[in-house]
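> This is the structure, below, for whatever I ask next.
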Amino acid sequence: MSWAEIKSTLPKRSLFVFSLDNPIRKGLIYTVRSMHFGRFILFLILANCVLLAMDTKEPGFEKTATGQVVGYSEYLFTALFALEMCLKIIALGFVGHPGAYLADNWNRMDFCVVLLGLLAYLPFVDNFSAIRSARVLRPLRTITNVKGMRVIVGTLLGALPKLFDVFVLVFFLFFIYGVVGVQLFMGKMDQKCATLASEYPNHGDSNTGTSCDAGSYCIEETNKDNLPNFGLTTFNHIGWAWLTIFQSISMEGWTTIMYRVMDAVSRWAWVYFVSLIIIGSFFAVNLALAVLYVQFTSEADIESLHPDKDKDKKGDAVEYDEFVPIKSGNRIVRACYAISISPRFEQLTIALICVNTVVMASEHNGMPSTMSTVNDWINYTLYGYFVIEMLIKLTGFGWRRYVADRMNVFDAFVVFVSTIEIVISLASGNDPDGYLTVLRTFRLLRIFKLARSWKALNVIITTMFNSIASISFLSLILMLFMFIFALLGMQVYGYEFVNCDKSDYSRHNFDNIYWSFITIFQMLTGENWNEVMYDGMRQVSAWASVYFIGIVVLGNYIILNLFLAILLDNFAEEAENNDDDDDDDDDDGGKPKSSQILEPHAFVHGKYVEGLEHTSLYIFGPRNAFRKKLAQFVYHPYFEYAIIFIIACSSIALAIDGPKMSKDAPLYDTELSDSEEQMKSMLYYADLTFTAIFTLELIMKVMVDGFIAHKGSYLRSPWNILDALVVVVGILAVVGDDSMNASSLRALRTFRALRPIRMASRAQGVKVVVNALFQAIPGIGNVALVCMLFYLIFGIMGLNIFMGKMYYCSDETDTATRLYGSTTEFTTLGSPYTITSVCSPTAYTTLWTNPRDYNFDHIGNSILALFETATLENWLFIMYHGVDTTSLDHQPVRDASPYLALFFVVFIIVGSFFVMNLFVGVTIDKFNEMKEKQEGFKGSILLTESQKKWVAIQKLLVACKPDRVPRRPSHSKGRASVYDFVVSDKFEVIVMVSIMQNIVVMALAHDGMNDTWVSTLFYINCAFAVMFLLEATAKIYAYNPKEYFSDNWNRFDFFVVVISIGGVVITLFAGQDAAYVSMIRIFRVARIFRLIPKAKSLRTLFQTLLYSMPALVNVGSVLALFFFIFAVMGMNLFGKIVPTDGELSRYAKFEDFPTAVLTLFRMSTGEAWNGIMHDCMITDNTYKSADEDNWTDRCTPSYVGTVFYFSVFILLCAFVLLNLVIAVILDNFASNNEDEENPVSKEHMYSFTRAWVKLDPHATYYTRAANLEQIVQTIEPPLGCQGVPPNVAKQETQKIIMSVDIPNHDGKIHFLETLHALAGRIAGTELPAHAEVKVTNKIQKQLPTLRSGKVPQYTAAHYYAAMYVQAAVRGFLARYEMREKMKTMPVNKLARQGSMSKHSHASSG
């Protein structure tokens, strides 16, 4: 840039002293704009970051050498950054010009940071930690120096408006649930029975909260440390309620809160929390992902984050056939080349890699020395083969061709690492800790060579690697985010968590940069983040919650969601590439075979039954009379309804038939009552009846359709195979009822739970979702394979690092408690002494114990522990135990190996953030693929962009309809005046403000209110109730009752008014403390919903929910179906397992159907699902009933079966079906966003609707053609000309009317035809024939012209043309008459009129 160009961007004088020609300023301008100056400042920032990371609040740190260096460096960096600021201010000017220093946002931040840094050194200002904390913002300056980071930040800033809309919706949700929570649960969680040791005794019989035992009384607990979560999760006022709601929406610890409220208030409190999770977590929070996804995919600059798309798509996989075969050279080179390109050589390599994998995975704790020796020799042999393979390829290809394939480079790297491992292990003699053998696991990565020949696997691997390239800059943003919050955490919370648990300090802490990073990472995963917040709030301040909530919101809901958006975008691109490749294969698909002739006798009740064209069971021919009668019966709609009814009855029976009703043994010590015994007998015979009916149905359908031999036969349908399987299992359960043992019978009875799935084939919406799941199975299977590959790799790493090292000393009476760390004796002994497997010195009756829930002693347990870690549940226990490991057969010591935490961090990044999110990607990708096929979007690639928009606009038109509004009374002036008042904008504003004030007043309620405050709130609420009663009365009077109650919002308002008045009356008579008064109060919160139509952002997001509802209902139905099936299975498998002190409790168990469903819902949110699984895996406890002759086995039926049950449920419901919810929300939000960007958006259509209803208040869809001019003048551009200057409005209106073809139906125009024509004027374009047919089929029912097929002869344009001609003729005739009159008028009269005319013109001028 030339000096003249630079001068044009800067102020003429800097600080009123230095001109642009001043040599000092000129030199500084060149200096601060220099690339070297920028790099030097970046170096200073990075150096400052290193020294900031070395800082700590450890007592006495300032006196150490490191502390002194850090302290003195702060003076240096403050001075350097202050000098930089001064140089820039002199060079650029301070303020008041677009090129001045403070005109740049980043410079403003620098100015504030430097100023606060200097402020700390003033003599009258203490060195507050808040001022020192401002230093942590310095690393943000790195963003300006990296283009990719700037793009990411620009994307986030561009998404802020829509994210703010999501924030408004979430705040709206918080306000509703907060007020309801305060009204229902205020002060309920601070109570405690005075004479009981436990905080919360068992639930009382009254079902209204915990009841104290006789002799005890309920008091308020004043010591917050004795309350649940230290009294920090309450609903005592709106602030605490919002904090509790935020924790619940984050789905971490929400069940603990719910169970406490169920204890304290009522078991029905689950309704509040479950609805909060569904609306808040499943919908509202996922809108943030939708916003970021839409913003990311629509940004033009975001292409710079993707790898170069012009590169060869083959990427790393180079085909050697493309090289010219080697003809020169010696015989050895040619032979090596031939071997290298041989497919058999490649297959042998892959086979040996698989052998290597099996050998490495076969290692286990306690492995015989012989097996260990054999494994070592096999590893050495395989290592030798891989060395020979590398040498052969190097010789055959030469080093240039060899390194052309990146997989070869990776192979060479693996061989190099293996060489290092073998050399070091041979030199040292052994590797007792197994750390070096971890390097062998790099060999397993070579198994990804399968991706070259496995197309589906290649797509997933390619997506992963493309995502790695795309998220590199996002990873830098995430690291910067974590670094800043880690520094801030060290400043505020360093060494503050020491006395959190009285006997020991917390594992999560901010004592140094390493553990700060680990704690921040823990919070980003969402695991126990609330416990970190509790410790911060207890030790520092309640306002500490802002810091922790900020981490969760910014890190989890924004940055990690942007990461997921990038992954989804890469999946979409990969799918588009595959669609382009497969287009030619689908040209002939879906065409009916016109040569197929349908036999008339194959039709039953108008339905074609293909099986009737063939002989059934080699007995019944196509025209057999009995078979035809049977077909008439089986395929009759009433028969289908009867089967559906029987399935429903069978499902109800299955839900009732819990463990308590099982036939094998009693569950409780007490005998069943007579009614329960009768119910048990009825269920048994009902099961026999249902089995018989389903068997008879199966036989009849087989006789009609045939069994399996021909097309259309019974078992040719997958749904029928499922039905047959359920029937056969039911028959086996009945036949083997007396002959099988209990465990086998439980397994067979479990399969009865599949009966309700037969509903899926009979409910169309459910069938669509289930079919989508079936079609997604191949993709999900490929993702599962990738998961297993990564789990296998990390599992073998875990074997080598942790195998046999997680044993610990425990008290024999309580093996779950580690003695180390729980008592001072063992803590002291753990440091100077080595406590080995002998558990000596013995201070207790000790036992050398392996953790019950996790270990890495063999590959199965290793993979299971990693799978649980990947789901981000209870992984901290595993990580901290791994960090405490020392060596084989030695007691763990706290933080003995702190850097082993990085193993779990890296695995979560790869195995959870990447691999588990592939389930999200493949599910959404399959959903979009099905949607395209269903809507016929394959042909949309042939449409231009304008044609696509016109198709989208016409689809929006179908959803538009005029609202019915009451007519203005004409016969009564009083009613007309009231009508004008209640429909005015001022009245609407008054009502909206009153609603907001009422909600604010309700939010002012809190625990411990004095009588004056209670009375004041009551009287204010009475005033609001009267105000809204007057509003309803005025509207009823103005509209008349029929018109008033025809509107849904009015009915809703009236219901709330009645409830409010009823609540006031009841409060006056029953008092404020009546139990049901708070229930009545919460209905007043419903008034806030009236704000939705008035707030555009809320309306848009609620429309997304509304448009998503049909698909969400279908997904929800399938979820409910699977919940039912797994609940019934759970009752049969785990209903008799004794609850432990762990996650399996009185509220989380499988003893009855409602509790089982609530437990499964909890598990679908990920809340300690693996804790429940491990509690259901007990094998060493057998409990007897009072009758010694009858005993109940209360152990798990199968260890492996339990793992399979819970793992399948988590994968199916939490990672697949709930991802369909995300897919639906993403799709509808993206569609809604695209609609807003169309030339004619929904807002434009709303403007048209508002103008129309004024002329068609009864929503007849018709108005007079003469009103078209008024409509056009009152709707916003581009459809109309509202706001156009008056001097051109008339001409613009005529231009619009004469340019559109609106059918004229006997002097009337139709709503949709008018809107269609006005929209077509803006965006209309000619469509291809196939697209025109599809659009016409969608809208023809709404348009009378298309519906009737009769096109009116005239249009509205003809009508207005006639009006204009008529007006012109009338004008001509009027002027002609005037001229004739003037001819006959006397001269003096004409002169007098002329002078009067001149006078009037002069006065008007």
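The values are calculated or read from the model by the stated rules, or taken from the named source; none is laboratory data. The structure displayed is predicted, hence computed values, not measured ones. Heads up, the Cβs are rebuilt from the backbone with ideal geometry, glycines too, and the neighbour counts pull from every protein chain shown. Heads up: the accessible areas ignore ligands, DNA and RNA and are worked out on the full protein's heavy atoms, side chains in. Shrake-Rupley method; radii C 1.70, N 1.55, O 1.52, S 1.80 Å.
> Using a 7 Å offset from the Cα along the Cα-to-Cβ direction at both K607 and Q764, what is the distance between the two label points in nm, to one decimal?
Calculated label separation equals 1.4 nm.
> Report the gain in length on full extension from L1068 to L554: 0.36 nm times residue separation, minus Cα-Cα distance, nm rounded to one decimal.
Values: separation 514, 0.36 × 514 = 185.04 nm, distance 4.74 nm.
180.3 nm is the gain from fully extending L1068 to L554.
> Output the relative contact order of the range 332-419, whole-number percent, from Cα pairs under 8 angstrom with separation of 6+ residues.
Relative contact order, the range 332-419: 40 percent.
> Could you tell me what percent of the accessible area of the range 351-420 is made up of carbon and sulfur, with a 1.4 Å probe and every protein chain present?
Roughly 74 percent, rounded to a whole number.
> Using a 1.4 angstrom probe, figure out how much accessible area the range 1119-1180 has per residue, in square angstrom, rounded to the nearest whole.
Details: 1570 Å² over 62 residues.
Roughly 25 Å² per residue, with all protein chains present.
> Taking 51 Å as R0, compute the FRET efficiency from the Cβ-Cβ separation of R1264 and S994 and round it to 0.05.
0.85
> With Cβ to Cβ distances under 12 Å as the rule, what net charge do the other residues near A642 carry (K, R +1; D, E -1)?
After counting each charged neighbour, the total is -1.
> Pairs K955/K1254; K986/K1254; K162/K1295; K961/K1295; K12/K162: which are spaced more than 29 Å apart, C-alpha to C-alpha? List each step's numbers first, then the result.
Working: K955/K1254 25 Å; K986/K1254 18 Å; K162/K1295 37 Å; K961/K1295 26 Å; K12/K162 40 Å.
Result: K162/K1295; K12/K162 exceed 29 Å.
> Give me the net charge of L394's neighbourhood, meaning all other residues with Cβ under 11 Å from the Cβ of L394; Lys, Arg count +1, Asp, Glu -1.
Working: positive: K393, R400, R401; negative: E389, D411.
Net charge in that neighbourhood comes out at +1.
> Take the alpha carbon atoms of the range 608-646, find their center, do the same for the range 1084-1162, and report the distance between the two centers in whole angstrom.
For the range 608-646 versus the range 1084-1162, the Cα centre distance is 39 Å.
> Estimate the FRET efficiency between T1012 and F171 by the formula 1/(1 + (r/R0)^6), using the beta-carbon distance for r and 35 Å for R0, to the nearest 0.05.
0.70
> Further question: Among the listed pairs K711/K926; K926/K1242; K607/K628, which are separated by more than 19 Å between their Cα atoms?
K711/K926; K926/K1242
> Spin-label point model (7 Å from Cα, Cβ direction): what's the F465 to Q678 distance in nm?
Going from the F465 label point to the Q678 one covers 7.2 nm.
> Here's a follow-up. Going by Cα centres, the range 672-691 and the range 382-413 are how many Å apart?
71
> Rounded, prolate or oblate: which fits the range 1-58, taking a ≥ b ≥ c as square roots of the Cα gyration tensor eigenvalues, rounded meaning a/c under 1.5, else prolate when a/b beats b/c?
Prolate, since a/c reaches 1.5 and a/b exceeds b/c.
> For the range 7-29, list residues with backbone N below 15 Å from a point placed 7 Å from the Cα of D104 toward its Cβ?
Of the residues in the range 7-29, 7, 9-11, 28-29 have backbone N under 15 Å from the label point off D104.
> Next up: Just in the range 685-722: which trypsin sites (Lys or Arg not before Pro) are loop by DSSP and have at most 13 other Cβ atoms within 10 Å? Walk me through the numbers on the way to the answer.
Details: sites: K701, K711, R716; in loops: K711.
Passing sites in the range 685-722 are K711.
> A further question follows. Starting from the 7 Å offset along Cα-to-Cβ, what nm value, one decimal, do you get for the label separation of I721 and V374?
Placing both labels 7 Å along Cα→Cβ, they lie 3.9 nm apart.
> Hey, another quick one. Considering the zone a paramagnetic label at V153 would reach in this model (a point 7 Å from Cα along the Cα-to-Cβ line), which residues of the range 531-568 have amide N under 14 Å from it?
The answer is none, because no backbone nitrogen lies closer than 14 Å to the label point.
> To continue, here is another question. Out of the trypsin sites (Lys or Arg not before Pro) in the range 28-76, which ones are loop residues according to DSSP with at most 15 other C-beta atoms within 10 Å?
Sites meeting the loop and neighbour criteria: R33.
> Could you go through the range 607-613 in sequence order and give the Karplus-derived ³J(HN,Hα) for each residue, using 6.51 cos²θ - 1.76 cosθ + 1.60 with θ = phi - 60°, rounded to whole Hz, and x for Gly and Pro?
For the range 607-613, the Karplus-derived couplings read 10, 7, 10, 5, x, 6, 7 Hz, x marking Gly and Pro.
> I need the calculated FRET efficiency for the pair V1113 and A784, taking r as the beta carbon distance and R₀ as 30 Å, to the nearest 0.05.
0.60
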